[in-house]
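Q: Here it is, the structure, as structure tokens.
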Amino acid sequence: MFRGKVAVITGGAHGIGQAAAEAFARQGAAVCVMDQAPGSWFVGDVGCREDLVRFAERVVAQHGAVDYLVNNVPPPMIGIDDCEYEAFQQALAVGVTAPFYLTKLLLPHFRPGGAIVNLSSSRDRMSQPQSESYSAAKGGISALTHALAVSLAGRVRVNSVSPGWIDNERSGITGPDALQQPVGRVGAPEDVASLILFLCSDHAGFITGENICIDGGMTRLMIYHNDFGWSLEKPS
């Protein structure tokens, strides 16, 4: 399905990004990865403008065109008690500015039928305490997605996916952490990778500006104290 296509993935050396990169490669795509971890890919920081420029230049020099862009690098999660101005700005740089700017750099090189998938999170609509930097960035990328979809109408489709709990370490989570999920398990990176590839495929040609939550149903689970075995223990 993707033979002869070029897929660009940030954060492609681990977890969801790695699963997506491997899935694209299995289906014949040339995959360009940017990650901070040492490796054979482009090593760089998406929070650094110069690194984004150099990465985009390398992609274009090597392939001449782009078909798919997956903005996957997660921002840091720091709560309001500990998050200083600079750290919050860095979270937005990684989680919102980088996807915007890499899109801008690669936009002249997208071939017809191209697609962008941004990684948001179910935390763009629900929160735990002390998660402000991450949640703000994920809310920002969700909004940026539909704005880009409208601006790039007729040129590139733009969607986002919002994963819930994904076992990126492949630790085989069982027990209550798994059973609380309506599907009965924690998600795997391949679950999200499959959705990313669908959104890039021609099968999703009528989908743009959408944010699809992939969380095993957790955001649909109503929890009230003393109902259906749930109880709240107040923090000490």
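Only the coordinates and a few stated rules stand behind these numbers; no lab work does. The shown structure was predicted, so the numbers you read here are calculated from the model rather than taken from an experiment. Methodologically, a virtual Cβ is constructed for each residue, glycine included, from the backbone with ideal geometry; neighbour enumeration extends over all protein chains shown.
Q: Pull up the cross-link candidates among the lysines for K138, meaning alpha carbon to alpha carbon under 26 Å and not fewer than 8 places away within one chain.
A: K104
Q: Stretched out fully, how many nm does the piece from T219 to R49 gain, at 0.36 nm a residue minus the Cα gap?
A: Values: separation 170, 0.36 × 170 = 61.20 nm, distance 3.48 nm.
That works out to 57.7 nm of additional length.
Q: What angle do you read, to the nearest 10 degrees and between 0 and 90, between the alpha-carbon axis of helix 189-200 and the longest principal axis of the chain?
A: So the inclination is approximately 50 degrees.
Q: Which of V43, V156 comes first, and how do the rest follow, when ranked by fewest Cβ neighbours within 10 Å? Write out the running numbers ahead of the final one.
A: Values: V43 15, V156 24.
Going from sparsest to densest Cβ surroundings: V43, V156.
Q: On average over all directions, what projected area in square nanometres does the chain have, based on the convex hull of its Cα atoms? Working shown, then result.
A: Working: hull surface 56.6 nm².
Reported value for the Cα convex hull: 14.1 nm².
Q: Non-local amide H neighbours of D215 (under 5 Å, H modeled in plane, Pro and chain starts lacking H): which ones?
A: Close amide H contacts, sequence-distant or interchain: G164.
Q: I've got another one for you. Between the alpha-carbon centers of region 170-194 and region 1-49, tell me the distance in whole angstrom.
A: Rounded to whole Å, the Cα centres lie 24 Å apart.
Q: Turning to a different aspect of this structure: Taking the Cα atoms only, what angle lies between the long axis of helix 15-26 and the longest principal axis of the chain, rounded to 10 degrees?
A: Approximately 40 degrees, to the nearest 10.
Q: Separate question: Would you mind calculating the gained length between R170 and A61 on full extension (0.36 nm times residue separation, minus the Cα-Cα distance), in nm to one decimal? Write out the running numbers ahead of the final one.
A: Working: separation 109, 0.36 × 109 = 39.24 nm, distance 3.54 nm.
Taking R170 through A61 to full extension adds about 35.7 nm, to one decimal.
Q: Compute a Gaussian network model of the chain, connecting alpha carbons closer than 10 Å, and tell me which residue from A21, A136, A147 fluctuates the most.
A: Of A21, A136, A147, the most mobile in the Gaussian network model is A147.
Q: Right, something else. Counting only helical runs of four or more DSSP H residues, what would the 222 nm mean residue ellipticity of the chain come to if each run contributes -39,500 (n - 2.57) and the total is spread over all its residues? Write out the running numbers ahead of the final one.
A: Working: 7 runs with 80 residues, N = 236.
Calculated mean residue ellipticity at 222 nm is -10500 deg cm²/dmol.
Q: Pop the C-beta distance of S151 and N226 into the FRET formula with R0 = 41 Å and round what comes out to the nearest 0.05.
A: Working: r = 48 Å, r/R0 = 1.18.
FRET efficiency, S151 to N226: 0.25.
Q: Is there a quick way to get the dipole size of region 83-236? I mean about its Cα centre, with the Cβ of Lys and Arg at +1 and of Asp and Glu at -1; what is the value in debye to the nearest 20? Display every interim value, and only then the final one.
A: Working: 11 positive and 14 negative charges, 107 e Å.
Computed about the Cα centre, the dipole is about 520 debye.
Q: What's the exposure ranking of R157, R170, going from fewest to most Cβ atoms within 10 Å? Show your work: numbers first, answer last.
A: Numbers: R157 24, R170 9.
In order of increasing Cβ crowding within 10 Å: R170, R157.
Q: Determine the relative contact order of the chain: mean sequence separation of Cα pairs under 8 Å and six or more apart, normalised by residue count, in whole percent. Mind showing how you got there, number by number?
A: Details: 451 pairs, mean separation 44.4, N = 236.
Answer for the chain is 19 percent.
Q: Dipole of the chain (Lys/Arg Cβ +1, Asp/Glu Cβ -1, origin at the Cα centre): which of G140, A30, A87 lies farthest to the positive side?
A: A30
Q: Loop-only GluC sites (Glu not before Pro) in region 75-171, please: DSSP not H, G, I, E or B, and at most 11 other Cβ atoms within 10 Å. Present the calculation step by step, with values, prior to reporting the outcome.
A: Details: sites: E84, E86, E132, E169; in loops: E84, E169.
Hits after loop and neighbour filter: E84, E169.
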